[in-house]
1. Could you tell me whether any residue of the stretch 62-73 is surrounded by fewer than 17 Cβ atoms within 10 Å (Cβ to Cβ), at pLDDT below 90 and not in a loop (DSSP other than H, G, I, E, B)?
2. Which number in (1) among the charged types (D, E, K, R); (2) touching a Ser or Thr at 6+ places or on another chain (Cβ under 7 Å); (3) outside the structural domain of Ile380 (by TED's automatic domain parsing) marks the one condition that Lys327 misses?
3. Could you grab me the full set of residues in the stretch 280-306 that are outside any loop (DSSP other than H, G, I, E, B), farther than 20 Å from Glu97 by Cα and touching a helix residue (DSSP H, G or I) at 6+ places or on another chain (Cβ under 8 Å)?
4. Among the residues of the stretch 244-264, which ones are surrounded by 15 or more Cβ atoms within 10 Å (Cβ to Cβ) and outside any helix (DSSP H, G or I)?
5. Being surrounded by 14 or more Cβ atoms within 10 Å (Cβ to Cβ) and either in a loop (DSSP other than H, G, I, E, B) or touching a Cys at 6+ places or on another chain (Cβ under 7 Å) (or both) narrows it down to one residue among Leu316, Leu310; which is it?
6. Anything in the stretch 148-206 that is crowded, with 20+ Cβ neighbours inside 10 Å, of a type in the set (Gly, Ala, Ser) and under 23 Å from Gln323 (Cα atoms)? List them, or say none.
7. So, in the stretch 82-128, of the ones that are outside any helix (DSSP H, G or I) and of a type in the set (Ser, Thr, Tyr), which residue ends up surrounded by the most Cβ atoms within 10 Å (Cβ to Cβ)?
Amino acid sequence: MENREIKMSQKEVMRLEIIQRVIGRQVSQVEAGRQLKLTSRQVRNLQYRYLKKGAEGLVSRRRGQPSNNRLAESLRSQAVELIQANYSDFGPTLACEKLLERHGLKLSVESTRKLMMKAGIWEGRKRKGTKTHPRRPRRPQFGELVQIDGSPHDWFEGRGPRCCLHAFVDDATSRILQLRFAPTETVNTYFAAAEEYMSRYGRPVTFYSDRYGIFRVNAKEAESGSGETQFGRAMRQLGIGIICANSAPAKGRVERANRTLQDRLVKEMRLEGISDIPAATAFLPKFIEDYNRRFAIQPASPVDAHRLSLPDRRELRIILSQQHRRKVTKNLELSYNNVIYQILSNTPCYTLRGASVTVCDRVGEVSIRYKHRTLRHKTIDKHNRPAPIVDSKGLGTFRARATTKPRTDHPWRRYACLNNASRSDQVK
């Protein structure tokens, strides 16, 4: 008899051993069924197939055959055509979601990935060798630690100007709490984003940021200043702590959120035809709700650490503004950004002469504060001052400053040239 090699899995080899014991009456069919997790009838069928065909009868007859759950060829070709036409630069997960949402094609992510790889649309990414960082456990309470970061990126893919997206992500739940588009990443844009966030949720316990100059004074041994930035001063007044990460992986939740946003949000805005900041701002609430539904998790503690007590809106805007100290002159004037501010008062206000006041600047909206009180004022342009008043005694010493340079053919220049010529003749 010719010997043939039969390929069997480990499970099939175990079945062969037990069926041989059943035939040799070493174990009963009931005991064999308990070991193989089969019924007695299934054991008898295996025993009959072994007696008829030998060990080959125990090999699965589905091996080498296409799966019964295989996608229909028409469905596969339709999915590939749609992906090539509309989602050629999408990842498998996002492409799978859009096939279901926009076209009603229900495929698994793995099936979509295999179809895209077979069609040459998607290439498997090789993992890079990276440094390992010890995992930091999440904070247990919602609002206990909020990671903040700005992401400059071509968010409109050339359809609009490049801009920056400010993101606030909760450490306990990975929820996006605030997104705000701005032309650049500045302290004023962070103030505006923080105001919107706190108006909705309250004051968090701590903000977790990078070492950008908005959050931390990086100059070593700075000779002037208070040692804290405008953002740090505002958070101190609101009772919110600030922690600066030493590396990007340390604040990995917001960094990973930025990578996801640069993929998903960019493509969602492309599908919606959004190409400017106002339209993107109107779209963000819908996107945030969908993002949190997909990716947010439950916190370890049900306690919300946000503090709901906030200053009134006017006081909050003053705190969330750039503040600078200025000294008032005896004429109740001060200078800020090439503009003279004169304090208005119905009384002499001798106490304000030489006093130190605070100039609060919120995107061009300037107010002057003294002892927690806002002072009335008017502005005078430095380059458009009124004409000076000079008494008769000082008139001889007063000299008006020339505002323009005399032209080349001015009579004064001709007079100067004649004087120089006559002097040279006298010398000769």
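1. Within the stretch 62-73, one or more residues are surrounded by fewer than 17 Cβ atoms within 10 Å (Cβ to Cβ), at pLDDT below 90 and not in a loop (DSSP other than H, G, I, E, B).
2. (3)
3. So the first thing to find is which residues in the stretch 280-306 are outside any loop (DSSP other than H, G, I, E, B), and the list is 280-295, 304.
After this cut, where a residue has to be farther than 20 Å from Glu97 by Cα as well, the list is 280-282, 304.
Correct list: Ala280 only.
4. Cys244, Ala245
5. Numbers: Leu316 fails: either in a loop (DSSP other than H, G, I, E, B) or touching a Cys at 6+ places or on another chain (Cβ under 7 Å) (or both).
After ruling out the rest, the residue left standing is Leu310.
6. Those that are crowded, with 20+ Cβ neighbours inside 10 Å, of a type in the set (Gly, Ala, Ser) and under 23 Å from Gln323 (Cα atoms): Gly150, Ala193, Ala194.
7. We begin by selecting, within the stretch 82-128, every residue outside any helix (DSSP H, G or I); these are 87-91, 104-108, 119-128.
Okay, now just the ones that are also of a type in the set (Ser, Thr, Tyr), so 87-88, 108.
Numbers: Tyr87: 22, Ser88: 12, Ser108: 11.
Per the stated criteria, the residue is Tyr87.
Matching residues to (1) over 30 Å from Glu228 (Cα atoms); (2) at pLDDT 85 or above; (3) loosely packed, with under 14 Cβ neighbours inside 10 Å; (4) in the same structural domain as Gly239 (by TED's automatic domain parsing):
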position	(1), (2), (3), (4)
Val339	no, yes, yes, no
Ala355	no, yes, no, no
Tyr370	no, yes, no, no
Pro411	yes, no, yes, no
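The values are calculated or read from the model by the stated rules, or taken from the named source; none is laboratory data. Computed from a predicted structure; not experimentally measured. Virtual Cβ from ideal backbone geometry, glycine too; neighbours counted across all protein chains shown.
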